[in-house]
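The values are calculated or read from the model by the stated rules, or taken from the named source; none is laboratory data. On a predicted model such as this, the values are computed, not experimentally measured, just so you know. Cβ placement follows ideal geometry from the backbone for every residue including glycine, while neighbour counts extend to all protein chains displayed.
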Amino acid sequence: MGAKSSIEWTDATWNPVTGCTKITRGCDYCYAERFAERWRGVPGHPYEQGFDLRQWPVRLDQPLRWRKPRMIFVNSMSDLFHKNVERNFINRVFETMEMADWHVYQILTKRSSLMRNYLQQRYTRGLAPNHIWCGVSVEDAAAVARIKHLRLAPVAQRFLSIEPLLGPLGAIDLDGISWVIVGGESGPKARPMRPEWVREIRDICAQTGVPFFFKQWGGRTPKARGRELEGVEYNEMPRYLTEKNDHGLQLAS
């Protein structure tokens, strides 16, 4: 489970935690919840419990068994910093990432203050290892404060997942940010994303030299309206990958 991913900006997913609860309007039509709830009550299925929060100790060593280097999205089906995930379990996830250092890990949260606090307590003498990337989801101007929390986290590789983009963000500050991903919402109730919102973010990235990745316009399905912005497909990745790829990292394609 998770050895490969269809997500354009990663290679694999690793879900030592599944399930979550809604905390923002960006969660309203969560793809992960929609998928998990299809299987609620099916005996023996990994999502027999639907989207209820669950920790999976049996999955903790999965990256150690993947010998080929790859980019790994951590908890694509949850949020590692959910308030009900035990701190000791989060410690064990980080221990695995620190040991299996031939991979790149992409951790994404909406609970930015909890992630900031955890990282400040874990890495008191410096930054987290370069192969552990931490990011926050930002769906509209009301969520921009998460970027400030991320900037205070002791990590070298910080990224933004601006998806689903539900409104203009304005003149966001990308100081200390290594990468920006933008995408529209997908699914039967997808809310539209306006081109000018995307262009504004792309232009800020260009002005500040931050790599910009445009994931999708969204619609009823993720690929319904394609990935081109003004005739261009944007697939920029953090500069850290240039060195890492010399050692065999599989880049998403």
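Applying the selection to the range 166-213, what residues are surrounded by fewer than 17 Cβ atoms within 10 Å (Cβ to Cβ) and in a strand (DSSP E or B)?
Once the filter is applied, which keeps residues that are surrounded by fewer than 17 Cβ atoms within 10 Å (Cβ to Cβ) and in a strand (DSSP E or B), the range 166-213 yields nothing.
Do any residues in the range 137-158 that are modelled with pLDDT under 95 have Cβ atoms under 6 Å from those of residues that are surrounded by fewer than 17 Cβ atoms within 10 Å (Cβ to Cβ) and among the polar types (S, T, N, Q), where the two are at least six apart or on different chains, and which pairs are they?
Pairs that qualify, where the first residue is modelled with pLDDT under 95 and the partner is surrounded by fewer than 17 Cβ atoms within 10 Å (Cβ to Cβ) and among the polar types (S, T, N, Q), are 156/130.
Is it the case that residue 165 is within 27 Å of residue 194 (Cα to Cα), touching a helix residue (DSSP H, G or I) at 6+ places or on another chain (Cβ under 8 Å), modelled with pLDDT of 95 or more and not acidic (Asp, Glu)?
When the stated conditions are applied, residue 165 passes them.
Consider residue 13 carefully, then state whether it is more than 11 Å from residue 76 (Cβ to Cβ), touching a residue at least 12 places away in the same chain (Cβ under 8 Å) and hydroxyl-bearing (Ser, Thr, Tyr).
no
Would you please name the residue that is nearest to residue 81 (Cα to Cα), looking only at residues in the range 6-26 that are touching a strand residue (DSSP E or B) at 6+ places or on another chain (Cβ under 9 Å) and surrounded by fewer than 19 Cβ atoms within 10 Å (Cβ to Cβ)?
Filtering first and then ranking leaves 24.
Between 98, 139, 86, which is out of contact with any strand residue (DSSP E or B) (no Cβ under 6 Å at 6 or more places or on another chain), surrounded by 22 or more Cβ atoms within 10 Å (Cβ to Cβ) and at negative phi?
Residue meeting the stated conditions: 139.
Report the residue count in the range 148-157 for those that are in a helix (DSSP H, G or I) and either surrounded by 22 or more Cβ atoms within 10 Å (Cβ to Cβ) or in contact with a Phe, Trp or Tyr (Cβ under 7 Å, 6 or more places away or on another chain) (or both).
Within the range 148-157, residues that are in a helix (DSSP H, G or I) and either surrounded by 22 or more Cβ atoms within 10 Å (Cβ to Cβ) or in contact with a Phe, Trp or Tyr (Cβ under 7 Å, 6 or more places away or on another chain) (or both) number 1.
Considering only residues that are part of a helix (DSSP H, G or I) and either in contact with a helix residue (DSSP H, G or I) (Cβ under 8 Å, 6 or more places away or on another chain) or within 24 Å of residue 91 (Cβ to Cβ) (or both), which ones fall in the range 34-72?
Residues satisfying the conditions are 57, 58, 59, 62, 63, 64, 65.
Let me confirm something: among 66, 39, which residue is surrounded by fewer than 20 Cβ atoms within 10 Å (Cβ to Cβ), aromatic (Phe, Trp, Tyr) and free of Cβ contacts under 8 Å to residues at least 24 places away in the same chain?
Result of the check over 66, 39: 39.
Looking at the range 73-90, which of the residues that are aromatic (Phe, Trp, Tyr) and outside any helix (DSSP H, G or I) is nearest to residue 12 (Cα to Cα)?
Ranking the qualifying residues of the range 73-90, first place goes to 73.
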